[in-house]
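What follows is a short report on a single structure.
The values are calculated or read from the model by the stated rules, or taken from the named source; none is laboratory data. The structure presented is a predicted model; accordingly, all values stated were derived computationally and were not measured. Note that each Cβ is placed from the backbone with ideal geometry, even for glycine, and that neighbours are counted across all protein chains shown. Just the protein is used for accessible areas: all its heavy atoms, side chains included, with ligands, DNA and RNA removed. Shrake-Rupley method; radii C 1.70, N 1.55, O 1.52, S 1.80 Å.
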Protein chains: 2
Amino acid sequence: MKQRRVTLADVARRAGVSSPTASLVLSGRGSELRISEAAQQRVQEVAAHLGYRPNIVSRGLRKGSSLTLGFVSDTVATSQLAGDLIKGALEAAHDRGFMLFIGETEGDPALERQLLDALLDRQVDGIILASMFTRSRSVPAGLGAVPAVLLNALGEDLDAPLPTVVPDEMDAGRRAARLLLDAGHRRIHVIGAGPTADLVPPGTVAGRDRLAGILEVLAAAGVQVVSGHLCDEWLPANGYAATRRILDAGGGQDAIITFNDRLAFGAYQALQEAGLAVPSDVSIVSFDDHPLADWLRPGLTTFGLPHEQLGRRAVEILLEVVRARAGTGEAPSGVERLPMPLRTRGSVATCSTRP
Amino acid sequence: MKQRRVTLADVARRAGVSSPTASLVLSGRGSELRISEAAQQRVQEVAAHLGYRPNIVSRGLRKGSSLTLGFVSDTVATSQLAGDLIKGALEAAHDRGFMLFIGETEGDPALERQLLDALLDRQVDGIILASMFTRSRSVPAGLGAVPAVLLNALGEDLDAPLPTVVPDEMDAGRRAARLLLDAGHRRIHVIGAGPTADLVPPGTVAGRDRLAGILEVLAAAGVQVVSGHLCDEWLPANGYAATRRILDAGGGQDAIITFNDRLAFGAYQALQEAGLAVPSDVSIVSFDDHPLADWLRPGLTTFGLPHEQLGRRAVEILLEVVRARAGTGEAPSGVERLPMPLRTRGSVATCSTRP
DNA sequence: AACGCATGCTAACTCGGTTTAGCACGGTCG
DNA sequence: CGACCGTGCTAAACCGAGTTAGCATGCGTT
């Protein structure tokens, strides 16, 4: 049972060569270093026959690289996002022969330090620092020692910025506004922030950027936000309350942009109570593509987060940084923004009283 | 920036001793091997001052252990369960100084082999083989080479069984039945399997065990299942259809055990349409504690899966196996069943017409 | 003076690979 | 005949720790 692993020395012995020779052959540098065809063939055959697999730990000790990345996140379990982010990262890593260490900080900086140390102790080739909701964060010291990428978080250190991958919230804001304009809507309300660009919940990048995108497009079309509703939190109850206010103010032919789907749930509830129908009376477009968005009747039209894509790109960019440090290729830098996919369902209707 | 790590040799040099001496001191075997107090003190001070951390890769090469475990799952992202299982495992591992490699097989045996190989190449000390829904599975060859534990899955190889951690489905079945009996119910229906023990969806351990537990308790109380509804799948539509059949058959004072919460959603819907109220007309108890179970009105009383506990225990047992292989302690074996926590909400009422 | 013994440390090897420098051999050329 | 060169390989060092065997030194005995 507990059979010993086949080592390079085993292969070399059985092939009648020295272990450096076997190493050269198996790393493809055989011809370059003038190992005879015959010897190369023998080594290859023996290696295949014995099922030789190089010990990555040992190789890592010599080469400094371990074919291993660290993925440190504030949360791994509480949201669908977390799982998909990890899934994307896992797949991208596996495609390139890398394995991923996963760590969870629970937002605790001390724990984060411990995890980063534990990763460095294990000679990881690079580290992804992920956050489950897009936010600004400081970058812990000591990360300079190893390639690193920020995922779904924006770094605050502007002198030593890390490459960063985030969803393109501003673009999604623009598209949400354009979607409503194109459907003929002119009476547009915003729930979650606004009506002016400075009225956003503190610390949320998503809120700021979504609002900025919305306002930009509306301004360009000469349309003003009818009302904006800054909320403490983005929960159904807040959406409900804001929608009640909108309805109480009267109007008609309204469209609402909710800043996340839970706000939209509350809006649906308030509209239903008021005897109004989505979308014929009120159109709604939202953000996040919550699993429940598809359960609502009518289905909620919403901009989803490109979860797996984010995870994938983080790994891809990280590996580019790794290669750049090794001297091959250009080091990526700056912020990469990934488009948020629109899930068109049934909550937006063409406005009937087009002026 | 790219500062070199502090090595044992650095510490030794600065402390004016040889590296073996430093190694002995730092591994706590200094006194045992008669290193003078003075020398020990100097080494400790220098190590602390330089912030020395041993390179685990190197240590692993020598000692064969890497303070690293592998967690291979068929899925990491599609369910809450997956995330929580991982979270529990992560925490337990971190508490003991271990890091976790995560891998996702997507149910593909070839991919599973690749991942296991990749883990073995990295000298992991042990491997957790997890499944996201409890089921039987064959254990891949080659796992004998390294300690391993099955998580939320039952192995099919009975000659070389792996230690296993699963939720205690049969116990939950018993408790569900007892819950209804204690509330005075005698007209009990089962949706998802039954009415007899052999009528379960193929391959689902959960179905078989839940049903067995239910039938055992009912039989002991001299109560027969009024009707059982074996379904192809456990989806809302199936729950809806089965509930319609129950209502069409007439009766009154019914109680329903649904085999998962999605079946219960369908049951709620059918009851609502029929103008019946939960729980005053029909009581429902279910399994899984789906995130939506708390959103239903009334809240669904359901047995949850002990997600994090499962992950934790898997790591703990795995590390016991590791220690046992190293010669310390007893090797655990057999199947450990973790109790499923009951979430009491509002879907079960005391039966008014108690005979 | 020779021996034994405890003390305090280190040389040398090990793990499994990679890398560099260079040896041995045969043939060619001046 | 010796210098030179290309061929085909290997010895030896290296990565950073852990481990074992044993060497000095000083002290007390016989």
**Message:** What percent of all Cα-Cα pairs in segment B:53-98 falls into each 10 Å bin, going from 0 up to the bin containing the maximum distance?
**Reply:** 24, 40, 25, 11
**Item:** Relative contact order, percent, segment A:169-305 [alpha-carbon distance under 8 Å, six or more residues apart]
**Value:** 25
**Request:** Do me a favour and compute the ellipsoid semi-axes for segment A:214-345 from its Cα gyration tensor, root of five times each eigenvalue, largest one first, whole Å.
**Result:** 38, 17, 12
**Complete:** For A:ALA249, inter-copy label-point distances (7 Å, Cα→Cβ), nm, shortest first, read 5.6
**Asked** How many percent of all Cα-Cα pairs in segment B:1-61 sit more than 20 Å apart?
**Response** 22
**Message:** Please report the net charge: other residues with Cβ closer than 15 Å to the Cβ of B:ARG313, K and R +1, D and E -1.
**Reply:** -4
**Asked** Can you tell me the Rg and Dmax of the protein assembly as shown, counting just the alpha carbons, in angstroms?
**Response** 30.0, 94
**Prompt:** Picking from B:HIS49, A:LEU129, B:SER131, whose Cα lies most toward the positive end of the charge dipole for the protein assembly as shown (charges on Cβ: Lys, Arg +1; Asp, Glu -1)?
**Reply:** B:HIS49
**Prompt:** Rounded to the nearest 5, what % of the DSSP beta bridges within the protein assembly as shown are antiparallel ones?
**Reply:** 10
**Message:** Once the label point is set 7 Å along the Cα-to-beta-carbon vector, what list of distances in nm do you get between A:PRO298 and its counterparts in the other copies?
**Reply:** 3.6
**Asked** aspartates and glutamates within cross-link reach of B:LYS87: Cα-Cα under 13 Å, excluding same-chain residues under 8 positions apart?
**Response** A:ASP74, A:GLU104, A:GLU106, B:ASP95, B:GLU308
**Item:** Rg and Dmax of segment B:272-355, Cα atoms only, in Å
**Value:** 20.3, 65
**Message:** Quick check: the angle from helix A:109-121's long axis to the longest principal axis of chain A, C-alpha only, nearest 10 degrees?
**Reply:** 30
**Asked** How many percent of DSSP beta bridges within chain A run antiparallel, rounded to 5?
**Response** 5
**Request:** Note the distances from B:ARG323 to each other copy's matching label point, with points 7 Å along the Cα-to-beta-carbon direction, in nm, sorted shortest first.
**Result:** 4.5
**Prompt:** Size of segment A:309-353 along its principal axes in angstrom, Cα-based, largest extent first?
**Reply:** 62, 17, 11
**Fill in**
Any aspartates and glutamates whose Cα falls less than 19 Å from that of A:LYS63, other than same-chain ones fewer than 8 residues away, would be A:ASP121, A:ASP125, A:GLU320, B:ASP121
**Request:** List the pair-distance distribution P(r) of segment B:26-154, using every Cα-Cα distance, as the percent of pairs falling in each 10 Å bin from 0 up to the bin containing the longest distance, rounded to whole percents.
**Result:** 11, 34, 26, 14, 11, 4
**Angle in degrees between helix A:307-325 and the longest Cα principal axis of chain A, rounded to the nearest 10** = 40
**Complete:** Interface buried area A-B, accessible surface with 1.4 Å probe, both sides summed, nearest 100 Å², comes to 4300
**Prompt:** Pairing the Cα long axis of helix B:80-95 with the longest principal axis of chain B, what angle in degrees results, from 0 to 90 and rounded to the nearest 10?
**Reply:** 30
**Prompt:** In 20 Å bins starting at 0, how do the alpha-carbon pair distances of chain A split up by percent?
**Reply:** 26, 41, 22, 10, 1
**Item:** Average beta-carbon neighbours from other chains, 10 Å sphere, peptide A:254-265
**Value:** 0
